[in-house]
1. Identify all residues within segment 91-128 that are loosely packed, with under 14 Cβ neighbours inside 10 Å and of a type in the set (S, T, Y); write none if there are none.
2. In this structure, does R88 turn out to be over 20 Å from E32 (Cα atoms), open to solvent by 40 Å² or more (accessible area, probe 1.4 Å) and modelled with pLDDT under 95?
3. State yes or no: is Q61 of a type in the set (S, T, N, Q), more than 21 Å from the chain's Cα centre (by Cα) and assigned to a helix (DSSP H, G or I)?
4. Would you pick out the residues in segment 129-149 that are in a helix (DSSP H, G or I), open to solvent by 60 Å² or more (accessible area, probe 1.4 Å) and under 25 Å from I230 (Cβ atoms)?
5. Can you name the residue in segment 154-172 that is open to solvent by 20 Å² or more (accessible area, probe 1.4 Å) and of a type in the set (S, T, N, Q) and is also farthest from I195 (Cα to Cα) among such residues?
6. Checking K187 against (1) over 24 Å from R88 (Cα atoms); (2) charged (D, E, K, R); (3) over 21 Å from the mean Cα position of the chain (by Cα); (4) not in a loop (DSSP other than H, G, I, E, B): exactly one of these is not met. Which one?
7. Only one residue in E206, E237 is open to solvent by 70 Å² or more (accessible area, probe 1.4 Å) and within 30 Å of F115 (Cα to Cα), so which one is that?
8. Are any residues in segment 195-218 within 21 Å of the chain's Cα centre (by Cα) and among the charged types (D, E, K, R), and if so, which ones?
Amino acid sequence: LQYELDFAKTVAMKPKQGFTFAGGPVVELHTEAVAKHFDFVILGDIEAVLPSVLDVYEKDQNNFLKNIQSIQGVYISGKNKITRASVRDLDSISYPLVQPFPEIIDKDYVFGKCFILESARGCPFRCHFCAIPQFYEDKMKFHSLSYLKKTIDEGLQLNHVQKVVIYSPSFVHPQRKELLQYLLEKKIRVSFPSIKAEHMDFETLELMKACGQKSLTIAPECGERLRFTINKKVKDEQYFQFVELCNQAKIEKLKLYMMIGLPGMQERDITEIVTFIQEMKKRFKGKLYLSINYFVPKPGTVFAQEAFDKKTLKEQEKILCKALISFQVKVPTLATSYKEWVLLQD
């Protein structure tokens with residue numbers, strides 16, 4: 001379960017017989033609330049849990065739920081304690097090489113027909129609004145370059161695709177240039193859901209462009225003053241330098257993720273966002289796109305106890321969109337974001 005709204009849909013789809021279980025970010029964030037609706041949930045790295053669960057299942061289905069309670073990372077509501085399992089070495093686990101596609105691939109299938117590649121697990125950055133760091137108690141883990149190369153070769157052959165999506169919270173793999181060079185030599189198109197602007201250099205961007213990446217997505221979130229208070233310590237100047245590198249690498253499109261409703265956000269912060277975006281557009285030679293998102297408090301984060309203030313959000317959205325009327329802006333539905341926040345409230 002990746003998103004809170006997935007939960008309601010999943011419960012409605014549950015079969016009437018057999019064992020049901022769930023895992024993923026939503027389970028990590030709302031363990032007790034979700035666990036009540038499944039026979040058991042898995043917490044932590046599934047590769048460290050599922051093999052043991054399947055072994056028990058194959059040996060004794062009649063006492064299955066009783067016997068898996070002692071497995072680290074398995075939680076049954078009201079029966080045992082919450083524990084999490086962790087894989088120490090990512091290269092030691094099997095990779096999901098076979099990745100089936102739906103019968104119809106349309107615009108709603110975000111990445112298209114591709115092979116999804118996990119290059120790393122975790123995130124070294126500690127933004128106060130983000131829940132990802134709490135899923136991984138250990139330091140950030142990376143797959144080795146040799147493991148990634150082998151996985152790419154086998155995955156492309158099995159799935160008959162010519163595109164790889166490198167999917168990680170931030171593409172900061174220490175050998176990312178060597179990885180991109182390998183994909184370039186194999187003439188494989190590559191896509192990146194999001195990158196960290198402050199960790200990019202010209203050579204990396206040039207390799208990305210050579211691999212078919214025409215557009216990039218970054219998340220400045222807000223203006224510099226507020227950005228530092230939410231522990232995203234990246235100066236505006238670093239984003240401006242990134243834009244210059246994009247121009248040199250001939251990147252055609254740049255998408256910015258911005259956020260409203262952040263704790264401590266004032267009208268001057270809205271003004272800062274507008275000034276920042278206008279400066280980005282002035283400097284970038286390609287097309288600039290904006291995604292304005294509502295801040296949704298997540299459990300376990302610094303801002304977990306903050307409220308979802310619909311009135312304030314609407315006011316900030318109105319001010320921002322009016323000031324950015326000449327930009328192409330995408331804004332989510334407020335009711336949907338509110339539902340995401342309230343759905344699994346304890």
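The values are calculated or read from the model by the stated rules, or taken from the named source; none is laboratory data. Every value quoted in this text rests on a predicted model; they were computed, and no experiment measured them. Neighbour counts run over all protein chains shown; Cβ positions are idealised from the backbone, glycine included. Keep in mind that these areas ignore ligands, DNA and RNA; they rest on the heavy atoms of the full protein, side chains included. Shrake-Rupley method; radii C 1.70, N 1.55, O 1.52, S 1.80 Å.
1. S92, S94, Y109
2. Details: over 20 Å from E32 (Cα atoms): yes; open to solvent by 40 Å² or more (accessible area, probe 1.4 Å): yes; modelled with pLDDT under 95: yes.
Considered against the rule, which asks whether it is over 20 Å from E32 (Cα atoms), open to solvent by 40 Å² or more (accessible area, probe 1.4 Å) and modelled with pLDDT under 95, R88 comes out as yes.
3. Values: of a type in the set (S, T, N, Q): yes; more than 21 Å from the chain's Cα centre (by Cα): yes; assigned to a helix (DSSP H, G or I): no.
Judged against the criteria, Q61 is not a match.
4. To start, the set of residues in segment 129-149 that are in a helix (DSSP H, G or I) comprises 132-135, 145-149.
Applying the additional criterion that residues be open to solvent by 60 Å² or more (accessible area, probe 1.4 Å) yields 134, 146, 149.
Scanning segment 129-149 gives a single hit, Q134.
5. Q157
6. (4)
7. Details: E237 fails: within 30 Å of F115 (Cα to Cα).
Of E206, E237, the one residue that is open to solvent by 70 Å² or more (accessible area, probe 1.4 Å) and within 30 Å of F115 (Cα to Cα) is E206.
8. Scanning segment 195-218 gives K196, E198, K214.
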